[in-house]
Each structure stands twice: as structure tokens, then as C-alpha cells.
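The values are calculated or read from the model by the stated rules, or taken from the named source; none is laboratory data. The shown structure was predicted, so the numbers you read here are calculated from the model rather than taken from an experiment. So basically every Cβ, Gly included, is an ideal-geometry build from the backbone, and we count neighbours across all protein chains shown. SASA here: full protein model, heavy atoms, side chains in, ligands and nucleic acids out. Shrake-Rupley method; radii C 1.70, N 1.55, O 1.52, S 1.80 Å.
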Amino acid sequence: MKEKPTVRSVVGDKPAIWLRCTFAMMVEFFGVWLANAMLFPHYAAILPIAREAASVAGVVTLALIAFTASRRPILLDEQRISVASLASYSLAFALIVLGILRSDPLLLLIGAILRVVSTRWVTVLAGISLCCLRARACMLSIATAYCASYALRILFSHASFSACMVVLLLLPYLTYTACRPAALEILGAMRTSDPQAVSHITEPSSFLPLTHGLFIAILVFRFAYGFALAFGSSDGVPVQTMFSLVPLAIVLALVFLPAIPKADVLYQVAALFVVTGFAMALMLAQGGIPSGSAVFAAGPLYAGSECFEVLMWYVLASLGARNRVGAVELVARGRAVASAGLIVGALAGHVMNTEMEPLWLSCGMVAVLVAFVAVNLIVLKEFSFQKTIDGVRPLKELSTLPEGATFDMAGSCAVLASDRGLTPREHEIMGYLARGRNAAYVQEKLVLSRNTVKTHVANIYAKLGVHSQQELIDMVENAAPLNG
């Protein structure tokens, strides 16, 4: 009989790393709530647009991190960026406090934007640190962190503004200190490898395009979360509910099943709660939104959105673990899409909060609900989180022959080129790939454009029936007997 996993067996042989990752994510989740509950209401009172402007700046920052990780990863010097980020955060916080005390919109706006921009790098570090954990340990870490953050929410729900501001100032430093050791391992793999833009040509199955269903799903569910934050909010303060703990507790329990559930199970649970929340919001819209009644709709919306939040971090970490070279770019891109969805969802929620005729309010709710269901039933009909994780091929080191063994590589390439109908140019490029050369080398050596090399590589892979450079190398090595 198969034993039920215990906490020790789930965590594995790296309990210190697991604890660090869990603490970092707990602080990250708690920080988001603390800002929403205690800081943003002051934005709303002085300059309502400050929050949206800061959020847009955060999306741009994450997009820049993703672009740099893809094109010029050598520029991502962890120590320099981290020092600059944390120093900027302290300055931003000082500007925010001054802006609030003086009711100065300009100071508040500058501080709000700088605060978000300076913390995006720390968020990415926290995300990539999860890539060091195995699947079960990773899910346990995220779910535990989320549940623990709720305990902190209860503790600080009635704390003074001054106490909350002091804690909010310290949170990024705590996150960074906790996640840095694990994050350095992932950053090292990225900085010592070819840029993703180059590896994408020879290892296309190791990367996901921006149009992939994963990012569409993130966008849709974060829209729901943004809507939940804004729907029924009062003076910029989101509706407070503990209903989200129900699905999170279920997730936590599922981790200890003998066979860890597929990621799509969490997606289905999250979608069910979100649809329920939208349906309840529609019922409330029939007679406007009575004071205090929004919690009945926001509860399921929070539950589904935060259940998906666990799933999103888990999927991004699982994909990053399979391809550490692209982990930074993937996490930054995923968080950028998530933030964009949150902004749009919050705007929709604020529109629903305005005084309008019940008929128009109901029509708006129906439109949001139909759009959410339509995207899931049509656009994401064939999409699977688990298949996405399993379908990403891990980047491998180039294979080596046994010591003293040799083979006729040129002859092997010639035989394969003849058998598979490769053109002379494709034959030439295959020879470079078989020797472990990357796309950038081929571009420079043969004086070809990146798109031309990409097209040739795609044709070579199709004719040989392989999906990566490693498979091509294996095929060439197996095409001729070893000597020696």
C-alpha cells in the first residue's frame, strides 16, 4: 500500500530552501493585501489615478525585465539591480508618506509609481526561487504561504496606520533576504547560457509564445480578481472576506494525496467560483448594490481568483524549473500579463460601482459573465495547464561521446541530408547544429539574418522529425557507428 506523503517527504532534502521560498511568498501575498487595505485608500482620497498610473508603470517594468532576460540577460546584474531597487523603494516610501501627510498629489504620484517600479524586481526573484522546488513541494509552499498570509491579515486588520506603514516598508527587504539564495541559482543558469532569443530558434519546444493559452488564462482570471477588488469597494477599500480560505484549504489538503492532482483540477475549481461570483453580482445588480451586500459576490470571486493565483505561481514555477534559462523571462511576462488583467478588471469594477440604472448595471454584469464563460469555453477549450507543463522540453546540456570514442559526423550529416531531402544550405546549417553551435554563431558565420536562420532550422527539424537541437545531435550520433 502506497504511503500518504508527509510534510517531510513533500519538502524533500531542501527544507531550508522550502522555508525560504514559503516565507518569501507569504510576505509577497501579505504585502499585496496590506497595500490594498491600508495604503490605496489614501491614494483614492488624494489622487485616485495614482494607483492606476503606478500599476501601468509596473506592467512596463515587468515587460522590460522580460525583454532584457530574453535578449540581453547579461545586463541583469542581480546585485546592482537589487541594491538600486531597494534603495529606490525607500525613497518612494518617503515620498508617499510626505504626499499623504501634506495631501500633495504630485509627491504621491511620483512615490506611488517609484514604489511599484522598484518592487517588481523583487517579485520576479520571489517567483523564480520557486523553480528550485519539486512540483509537490512547490504547490505546498505556495498554498501554505497564502494561508499564512491570511493569519497576518487578521493580525493587522485593526492595526494602526503607522504600524502598517512600518511593516509595509520592511516587506520587500524581507522577501529579498528570504528568496535571494534560491533566485541566484536560477539567475546563474540564465546568465551563463545563450539568450532566449537565440535558444528559441534551436529549442523552440522549451519556450512559450506570448499568444499561448497560459497567458490568455492569466489575463482572464486576473481580470476577475481586479473586478472583485473594486466591486462594492468603499472609499477605495476592497470588500473584506475570508471565504477565499475555503478553496485554499482544499488545495493545501490535495497536496498530501498519494497522487498530486493535475493542475487543471485547480483551474476548474477556480472557474466555478468565479462564475458563481459573477452570477451573484448579477443578482445584486438587479436592484443596485446595497451596502454590505457586495461581500456575497466578492467572496466567490476572491475564492476563485486566489485559487487561480496559487495555480498561476505553481505553473510558472513548474515551467521555469523545466527551463531555467527562460525562468526570469517567463515569470516577468506572466506577472506583466497578470497586472494588465488586474488593471482592466479593477476599472470594470469601478464602473459597476458608479451610480447607474439597474438595467444598465445588469447589462454590464451579463456582458462580463458571458465574456468570461465564452473565453473559457471557446478560446481555452483545448488548453490544458498540465499538458503545457509536460509539453515544455527541458533544456539539456549538449551530449558528449564516451571517452576515446569518435564517429564520422560529416558522413552522418551527409547521409541524413540525402535521406531526408535537405537542401545544400540546410545541410550546411545542420552540420553546425550537430557540432553544438547556436543560431547566433550560424548567423555570423554564414552572414544570414536571424529570421532566415530560424526558417532554415524549422525546416531542418521538420524534415528530420526532431523538436530540439539535442534531438538533432542524438540523431546524427546514432546515424553512424562509433569508432575507438
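Heavy-atom accessible area with a 1.4 Å probe sorts LYS454, LYS381, largest first, into LYS381, LYS454. Shape summary: the stretch 299-381 maps onto an equivalent ellipsoid whose semi-axes, from the alpha-carbon gyration tensor, are 32, 14, 11 Å in decreasing order.
Of PHE23, PHE67, the residue with the largest accessible area leads and the full order is PHE67, PHE23 (1.4 Å probe). Within the stretch 147-165, what residues put their amide N at less than 15 Å from the label point 7 Å along the Cα-to-Cβ vector of LEU101? Taking a point 7 Å out along Cα→Cβ of LEU101, the residues of the stretch 147-165 whose backbone N falls under 15 Å are 161-163, 165. Packing, as the average of other Cβ atoms within 10 Å across residues, places the peptides 129-142, 25-38 in the order 129-142, 25-38, highest first.
Mean projected area of the Cα convex hull of the stretch 56-164, taken over all directions, amounts to 8.9 nm². Computed extension gain for PHE67 through THR177, at 0.36 nm per residue and net of the alpha carbon distance, reaches 37.1 nm.
Surface analysis of the stretch 63-195 yields an accessible area of 43 Å² per residue, using protein heavy atoms and a 1.4 Å probe. Extension gain for the segment THR276 to ARG153, taken as residue separation times 0.36 nm less the Cα-Cα distance, is 41.8 nm to one decimal. Rolling a 1.4 Å probe over the protein chains gives THR61 an accessible area of about 20 Å².
How much of the accessible area of the stretch 62-197, probe 1.4 Å, is carbon plus sulfur, in whole percent? Using a 1.4 Å probe with all protein chains present, the stretch 62-197 comes out at 67 percent carbon and sulfur.
Once you sort the root eigenvalues of the Cα gyration tensor of the stretch 25-69 as a ≥ b ≥ c, which label holds: rounded (a/c under 1.5), prolate (a/b larger than b/c) or oblate (the other case)? Oblate, because a/c is 1.5 or more while a/b does not exceed b/c. In order along the stretch 34-40, the Karplus-derived 3J(HN,Hα) couplings, from 6.51 cos²θ - 1.76 cosθ + 1.60 at θ = phi - 60°, round to 4, 5, 4, 7, 10, 9, 5 Hz, and Gly and Pro are given as x.
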